[in-house]
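The next block holds one structure in the form of structure tokens; read it before the comments.
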Amino acid sequence: MFSALKLKPIQMMHTGGGGGGNACYTYPDAPATPGLTTADVVFDRSAHMNGSITMDDGRTVRMWGFNTGGGGMGGGGMGGGGGPFPSPAMRVTEGQIVHTRLTAGMMNGTHTIHHHGIEPSTENDGVGHYSFDVNGTYTYQWKASHAGTYFYHCHTNTVLHAEMGMYGALIIDPPEGPGTLYSGGPTYDVEAVWACDEIDSSWHALSWTAGTCGGDVGLNDLNPDYFVITGVDGAQSALTDPGVAVTMNTGQRLLVRYICAGYLPQRIDFGGLTATVHMSDGRPLPNPIQVQSLEASSAERYDCIFQPGSPGIYEVTVEYLDWVSGETLGTARTRITVQ
Ligand SMILES: [Cu+2]
């Protein structure tokens, strides 16, 4: 028999809000966490499917993500309640045992949390098709082994769920704490997280199960119409948004944690400032490199230190590139203002 016949169908309770749709596959629900021990840090995250962001052109685009808190209703009451985009960051210290308690299911579909770059056991890796989706609650247990910049994201119907915004930054500080990139590595005074992503708003009306029944719902055809930096429209808003744009003093050291959070390759140009790249994907570079621009592919992270020697306003440009032709399909901008 086809193994698909053994899989458990999910009947959604309604078709409004973020729910709707029947999954043609789901992966068996979560067991108890194997070898569960005492955590040093606990994060509660619940899936929501009715957040939104307003773009610079005034359009509102529906987003999904994770809220802080449990409770099974997306942390915001009946139906999900929406939540921030990107999802709230997790920040821990190297060596800690971490529990991420995910609540999903109910009216908000099944989901997982994959802590990208962390490499825990299969049960705790949050890749649905290798383990299980979460329809209820599951505690992911993992160890923060290496300081650096990571991110977490849903790995259920991944192409869609990650596009919908189900991701957030994951930062591991060395034992020295924030202000040092890794033990023995560079220090910094100012920090920014730039998660650069493209959005194809035509995907954002789909149900969480879209494409799982074998039909073509267009998930092979990405035509982004918005380009964001850490959840802020890079057309205009990210130039001044205090959560993205940087203001610092001459002589200070800035750490930019750059995350390629989209599907397209990206080129980030630092507007004339020189970056010293000290880490990539959670590991120190044996020989840091100095660059004025970088190219990155999906899910790559680069940790860049800047120490501008004079005041100025430096415009940072992120270009989103066609996979094949390398043509620029869109641009997002922010600023580093040195006082
Ligand atoms: Cu999901």
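The values are calculated or read from the model by the stated rules, or taken from the named source; none is laboratory data. Fair warning: this is a prediction, and the values are worked out from it, not measured in the lab. Counting neighbours? That spans all protein chains shown, and the Cβs are built from the backbone with ideal geometry, glycine included. Ligands, DNA and RNA are stripped out before the accessible areas are found, and what is left, the full protein with its side chains, is counted by its heavy atoms. Shrake-Rupley method; radii C 1.70, N 1.55, O 1.52, S 1.80 Å.
A few notes on this one:
- Positions within the range 160-180 being hydrophobic (A, V, I, L, M, F, W, C) and either in the same structural domain as residue 298 (by TED's automatic domain parsing) or within 11 Å of the ligand (Cβ to nearest atom) (or both), in sequence order: 160, 162, 164, 166
- Only one of the listed residues (149, 93) is away from the ligand (no atom under 14 Å from the Cβ), crowded, with 22+ Cβ neighbours inside 10 Å and among the β-branched types (Val, Ile, Thr). That residue is 149.
- Qualifying residue in the range 185-192 (condition: open to solvent by 40 Å² or more (accessible area, probe 1.4 Å), in contact with a strand residue (DSSP E or B) (Cβ under 9 Å, 6 or more places away or on another chain), touching a residue at least 24 places away in the same chain (Cβ under 8 Å) and among the β-branched types (Val, Ile, Thr)): yes
- Of everything in the range 171-182 that is farther than 22 Å from residue 116 by Cβ and touching a residue at least 40 places away in the same chain (Cβ under 8 Å), the residue that is surrounded by the most Cβ atoms within 10 Å (Cβ to Cβ) is 175.
- The condition of being within 30 Å of residue 112 (Cα to Cα) and of a type in the set (Asp, Glu) holds for only one of 221, 269, that being 221.
- A Cβ distance below 6 Å, combined with a sequence gap of six or more or placement on separate chains, defines the contacts here; from the range 101-112, residues that are charged (D, E, K, R) reach residues that are part of a strand (DSSP E or B) and surrounded by fewer than 24 Cβ atoms within 10 Å (Cβ to Cβ) in the pairs 101/44; 101/139.
Quick grid of which residues meet (1) touching a Pro at 6+ places or on another chain (Cβ under 8 Å); (2) modelled with pLDDT under 95; (3) β-branched (Val, Ile, Thr):
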site	(1), (2), (3)
279	no, no, no
294	no, no, no
297	yes, no, no
308	no, no, no
317	no, no, yes
324	no, no, yes
330	yes, no, no
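- Condition check for residue 144: in the same structural domain as residue 55 (by TED's automatic domain parsing), within 16 Å of residue 91 (Cα to Cα) and away from the ligand (no atom under 16 Å from the Cβ): yes
- Spans of strands (runs of 3 or more DSSP E) in the range 98-172 with at least 3 residues out of contact with any Ser or Thr (no Cβ under 6 Å at 6 or more places or on another chain) and of a type outside the set (Phe, Trp, Tyr): 114-116, 148-153
- Residue pairs meeting the criteria (Cβ under 9 Å; at least 6 apart or on separate chains; first aromatic (Phe, Trp, Tyr), in the range 259-273; second open to solvent by less than 10 Å² (accessible area, probe 1.4 Å)): 263/163; 263/197; 263/198; 270/256; 270/304; 270/306; 270/316; 270/336
- Where strands (runs of 3 or more DSSP E) fall wholly inside the range 181-282, the ranges with 1 or more residues that are touching a helix residue (DSSP H, G or I) at 6+ places or on another chain (Cβ under 6 Å) are 226-229.
- The range 23-53, subset free of Cβ contacts under 8 Å to residues at least 40 places away in the same chain and of a type in the set (S, T, N, Q), residue surrounded by the most Cβ atoms within 10 Å (Cβ to Cβ): 50
- Remark: residue 133 falls outside the filter, which requires a residue to be over 18 Å from the mean Cα position of the chain (by Cα), open to solvent by 20 Å² or more (accessible area, probe 1.4 Å) and within 25 Å of residue 50 (Cβ to Cβ).
- Number of positions in the range 104-115 that are more than 17 Å from residue 208 (Cα to Cα) and either open to solvent by 50 Å² or more (accessible area, probe 1.4 Å) or in contact with a helix residue (DSSP H, G or I) (Cβ under 6 Å, 6 or more places away or on another chain) (or both): 0
- Only one of the listed residues (191, 198) is under 14 Å from the mean Cα position of the chain (by Cα), closer than 30 Å to residue 315 by Cα and away from the ligand (no atom under 16 Å from the Cβ). That residue is 198.
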